[in-house]
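The values are calculated or read from the model by the stated rules, or taken from the named source; none is laboratory data. Since this is a predicted model, take the numbers as computed values, not measurements. Cβ sites come from the backbone with ideal geometry, for glycine too, and all protein chains shown count toward neighbours.
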Amino acid sequence: MKILSACLFGLALLAAAQCRLRGAGAGDVRPNILFIYTDDQSFEAVSVVQKELGEKGRFPWLKTPNMDRIAAEGVRFRNAFVVNSLCSPSRAVNLTGRYNHLNGIASNFRPFPVDNVTCATLLRAAGYTTAYVGKWHMDSQRARPGFDYHATYIGHGRYANCPFIVNGKDTPTEGWVDDVATDYALQFIRQQKSSGKPWFLMLGFKTPHQPWEPPARTRNLYDGELARSVPNLNTPPPYGGENKKTKAAGQIPPKVPTNLDYFRCVTALDDCVGRLMDTLDAAYFTSNTIVIFTSDNGVYLGAHSAGDKRSAYEESIRVPFLVRYPALGASRGRTVDEMALNLDLAPSLLDFAGVPAPKEMQGMSWRPLLTGKSGSWRQSWFYEYFAENQQGTRIPDITAVRTTDAKLIRYRGHQAWNELFDLKSDPYETHNLYHNPAHASLKDKLQAEHDRLAKELGYTVPGFVDRPPNWGKPGSLAGDLNNP
């Protein structure tokens, strides 16, 4: 009887282990996960998007054939956004599935809390081998909590001959930083062929963050090319000084100079993506590996007379988002128009792995969107940004609500700057309707939704914000916090 009981117990353990190796309801072995994300890549900086935009595409000469391949063999999200358009905060949202006022990172100057529950910690506990390669970008932190293996660097690193930290050991490298990161990623993938365990690899690229230094192979690419103009080139934000258009709309030239090194870096990065895809093929990982490609935030590239991100206009908050997972049987080359957020990454990955997402995670799994079986989906979402001690930045605290067709932007302490846009009639956000009585009903509707979401999400200004040194003094970005 004891022997029989022991056998039954052993069989039960084996069955439980096999269940853990299956995706949620898929009936297949749990997928491997390759999550690739860039730094400051515009949602437009993908050639398949340029082709779709046609005459409205700003950079029709851009070539990214390997990003296009992911889109052609998978699903492209047309409306993917970040809930805080800044490097470290966005990365923290990816990991935790929680807003920055809750996850401990509200600026670029804090180490990631090592006790945070993340998709990596939960996947590792569920039997995944986890790895982080490339740009971590959490102040000067050396730890990589939740990962079995890491080959990364401190802060922004540098484009040429960047020192890496490989499993805690300082390691010199030679070459273009994203080529080196790709080498480490490929080494990890190849090592998993004989492990028998599912794996999760996060690969953070430096490209295309400034200073833009492409490798030799793309250094002269796109010589002489100009960007097409767009209607919001000469509509500076209210926090940028006097909000005056520098040219009448009819005087905007059809083509304008742009930073070609930005795009040379993007195309060089695309080579790295191609190497990753080829290695998945060679290792027979393609069919059962989820490949996700996105960026930590957008960038203006001259839109709204700006070159940064942080604020809540479309060019800043919108990112490329591509997903390929052949085993799911999703249609190849599909596009999705529902609004997906970086907040959704962690619960989505856990869903595919058959691991329950903690109730504290605030995102939604986009798994149903891949097959067109989403049912109801979000119709609005909340944006936050906290003024930080960053030299040259003049952006105050921001909260915003974006629906499928409108946006309300609130500048805390600067009520006169608030903005309201009808995105259907004004996709470039050039006509602020906030102070227009004719649009009071739209303003009231979005304000009510803003307040509902803020309450639901527990929005507050956290104590771990790194404020400018003159914060709260007359003339500072704090403004009148008694009249937000």
Quiz item: From Ala72, Ala80, which residue is in contact with a Gly (Cβ under 6 Å, 6 or more places away or on another chain) and either closer than 24 Å to Tyr325 by Cβ or modelled with pLDDT under 95 (or both)?
Solution: Ala72
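Just a yes or no: is a residue in segment 382-394 surrounded by 18 or more Cβ atoms within 10 Å (Cβ to Cβ), of a type in the set (Lys, Arg) and touching a residue at least 60 places away in the same chain (Cβ under 8 Å)?
no
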Quiz prompt | Unmet criterion (only one of (1) outside the structural domain of Ala80 (by TED's automatic domain parsing); (2) among the aliphatic types (A, V, I, L, M); (3) touching a Cys at 6+ places or on another chain (Cβ under 9 Å)) for Ala387 | solution = (3)
Quiz item: What pairs come up if the first residue lies in segment 89-108 and is closer than 13 Å to Leu345 by Cβ, the second is acidic (Asp, Glu) and surrounded by fewer than 23 Cβ atoms within 10 Å (Cβ to Cβ), and their beta carbons are under 9 Å apart, counting only those six or more places apart or on different chains?
Solution: Thr96/Glu360; Gly97/Glu360; Arg98/Glu360
Quiz prompt | Test set (1) assigned to a loop (DSSP other than H, G, I, E, B); (2) on the phi < 0 side of the Ramachandran plot - Ala185 fails condition number | solution = (1)
Quiz item: in a loop (DSSP other than H, G, I, E, B) and touching a Ser or Thr at 6+ places or on another chain (Cβ under 9 Å) - does that describe any residue in segment 254-274?
Solution: yes
Practice problem: Give me a count of the residues in segment 445-480 that are farther than 15 Å from Gln390 by Cα, at pLDDT below 95 and surrounded by 13 or more Cβ atoms within 10 Å (Cβ to Cβ). | Solution: 1
Quiz item: Is it the case that segment 441-460 has a residue that's out of contact with any His (no Cβ under 9 Å at 6 or more places or on another chain) and assigned to a loop (DSSP other than H, G, I, E, B)?
Solution: no
Quiz item: Residue check, Leu341 against (1) surrounded by fewer than 24 Cβ atoms within 10 Å (Cβ to Cβ); (2) in contact with a strand residue (DSSP E or B) (Cβ under 7 Å, 6 or more places away or on another chain); (3) aliphatic (A, V, I, L, M), all met but one. Which one?
Solution: (1)
Self-check item: segment 114-141 - residue that is in a strand (DSSP E or B) and polar (S, T, N, Q) and, of those, farthest from Pro198 (Cα to Cα)
Solution: Thr130
Practice problem: Could you tell me whether segment 152-159 includes any residue that is within 23 Å of the chain's Cα centre (by Cα) and in a strand (DSSP E or B)? | Solution: yes
Quiz item: If you go through segment 416-428 one residue at a time, do you hit one that is under 17 Å from Arg310 (Cβ atoms), surrounded by 15 or more Cβ atoms within 10 Å (Cβ to Cβ) and of a type outside the set (S, T, N, Q)?
Solution: yes
Quiz item: How do the pairs read when you match residues in segment 363-377 that are on the phi < 0 side of the Ramachandran plot and surrounded by 14 or more Cβ atoms within 10 Å (Cβ to Cβ) with residues anywhere that are at pLDDT 95 or above and assigned to a loop (DSSP other than H, G, I, E, B), using Cβ under 6 Å and keeping only pairs 6 or more apart or on different chains?
Solution: Gly363/Gly97; Leu369/Glu338; Trp377/Glu338
Exercise. Return a yes/no flag: does segment 126-134 have any residue that is in contact with a His (Cβ under 6 Å, 6 or more places away or on another chain) and in the same structural domain as Gln362 (by TED's automatic domain parsing).
Key: yes
Quiz prompt | Selection status of Tyr411, surrounded by 13 or more Cβ atoms within 10 Å (Cβ to Cβ), in contact with a strand residue (DSSP E or B) (Cβ under 8 Å, 6 or more places away or on another chain) and either more than 19 Å from Asn100 (Cα to Cα) or free of Cβ contacts under 8 Å to residues at least 12 places away in the same chain (or both) | solution = no
Quiz item: Are any residues in segment 275-302 of a type in the set (Val, Ile, Thr) and not in a strand (DSSP E or B), and if so, which ones?
Solution: Thr279, Thr286, Val299
Quiz item: In segment 190-222, which residues are assigned to a helix (DSSP H, G or I), surrounded by fewer than 19 Cβ atoms within 10 Å (Cβ to Cβ) and either in contact with a helix residue (DSSP H, G or I) (Cβ under 9 Å, 6 or more places away or on another chain) or not aliphatic (A, V, I, L, M) (or both)?
Solution: Arg190, Gln191, Gln192, Lys193, Ser194, Arg217
Quiz item: What is the number of the single condition among (1) crowded, with 22+ Cβ neighbours inside 10 Å; (2) of a type in the set (A, V, I, L, M, F, W, C); (3) out of contact with any Leu (no Cβ under 6 Å at 6 or more places or on another chain) that Ala185 does not meet?
Solution: (3)
Practice problem: Run down Tyr325, Tyr300, Tyr313, Tyr284 and say which single residue is touching a Ser or Thr at 6+ places or on another chain (Cβ under 7 Å) and in the same structural domain as Pro238 (by TED's automatic domain parsing). | Solution: Tyr300
Practice problem: State all residues of segment 345-379 that are within 18 Å of the chain's Cα centre (by Cα) and among the polar types (S, T, N, Q); if no residue qualifies, say none. | Solution: Ser348, Gln362, Ser365
Self-check item: Considering residues of segment 61-87 that are of a type in the set (Gly, Ala, Ser) and surrounded by fewer than 24 Cβ atoms within 10 Å (Cβ to Cβ) only, the residue nearest to the chain's Cα centre (by Cα)
Solution: Gly74
